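Read the figures in this text as sums done on the coordinates, not as results from a lab. Since this is a predicted model, take the numbers as computed values, not measurements. Cβ placement follows ideal geometry from the backbone for every residue including glycine, while neighbour counts extend to all protein chains displayed.
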Amino acid sequence: MKIDILTLFPEMFVPLRESIIGRAVKENKIEINLVNIRDFSIDKHKKCDDYPFGGGAGMVMMPQPLASAIEAVDAEHRARRIYLSPKGERFTQKVLPRLESYGHIVLVCGHYEGIDQRVIDLYIDEEISLGDFVLTGGELPAMVIADCLARFQGGVLSEGSLTDESFTGGLLEYPQYTRPQVFKGLSVPEVLVSGDHARVDAWRKEQAIKLTKERRPDLLEEGK
Ligand code: 4FD
């Protein structure tokens, strides 16, 4: 899987090079290419933003540097071009197989009050939002999506952790415990040290359903 990330702030992406994603990159499961949009500005001062037509607060990212950057990474439009925006469709674990199926995605990070609408109309295939909140830029959402894709690719986590975890079965995950068996007076549930795998499985399923009913009843409706 190849991910091009177009941004005015490539230095923000330090976490992508660390830990679990770093491993997926090293094992060639995922290739992340950071592209500085400013490098593509033909303006003598490398300007990338300007005042909005019609007035109003803030600045808008100019179309030229963005269009040139997109054309540089995906000249033939073979990649899925995604703009991170609060106006986008909601990102959930369910969209990961589709994103992975593209093989190559271009994540466009906007700043200021967003990008010129004509870039969206001419170049972008879909807009994705992480939720109903506004950030200073699309960089954090791009990192979230890259992280999700990195761990979704086989090998980053063990097989079981992808099938058991929250959301994959439509339920929140059961509680986990490790040693010591007693910590500050609290004991690990007896069933987990019983060695009876059938009882363990039944307990975990029951806990997952109970937790989901309490916290996220919406997940239980219509197989959501
Ligand atoms: N909820 C999200 C994505 C981007 C963002 C931006 C217009 C601001 C939140 C377009 C305004 C992009 C999200 C950049 N904030 N900020 O996924």
So the check is Cβ under 8 Å with 6+ separation or different chains; which pairs have a first residue in region 204-218 that's surrounded by 14 or more Cβ atoms within 10 Å (Cβ to Cβ) and a second one that's aromatic (F, W, Y)? R204/Y174; Q207/Y174; A208/Y174; L211/Y174
Does region 108-137 hold any residues that are farther than 17 Å from D4 by Cα and either within 6 Å of the ligand (Cβ to nearest atom) or part of a loop (DSSP other than H, G, I, E, B) (or both), and which are they? Y112, E113, G114, D116, S129, L130, G131, D132, F133, V134, L135, T136
Test Y83 against the stated conditions and say whether it is over 17 Å from the mean Cα position of the chain (by Cα) and either near the ligand (Cβ under 8 Å from one of its atoms) or charged (D, E, K, R) (or both). no
Could you look through region 50-63, keep only residues that are out of contact with any Pro (no Cβ under 6 Å at 6 or more places or on another chain) and surrounded by 17 or more Cβ atoms within 10 Å (Cβ to Cβ), and pick out the one that is nearest to L140 (Cα to Cα)? M61
Would you call V35 surrounded by 16 or more Cβ atoms within 10 Å (Cβ to Cβ), free of Cβ contacts under 8 Å to residues at least 60 places away in the same chain and more than 20 Å from the chain's Cα centre (by Cα)? no
The residue from F9, F53, F13 that alone is under 20 Å from the mean Cα position of the chain (by Cα) and within 15 Å of Y112 (Cα to Cα) is F9
Does any residue of region 111-124 turn out to be under 12 Å from the mean Cα position of the chain (by Cα) and not aromatic (F, W, Y)? no
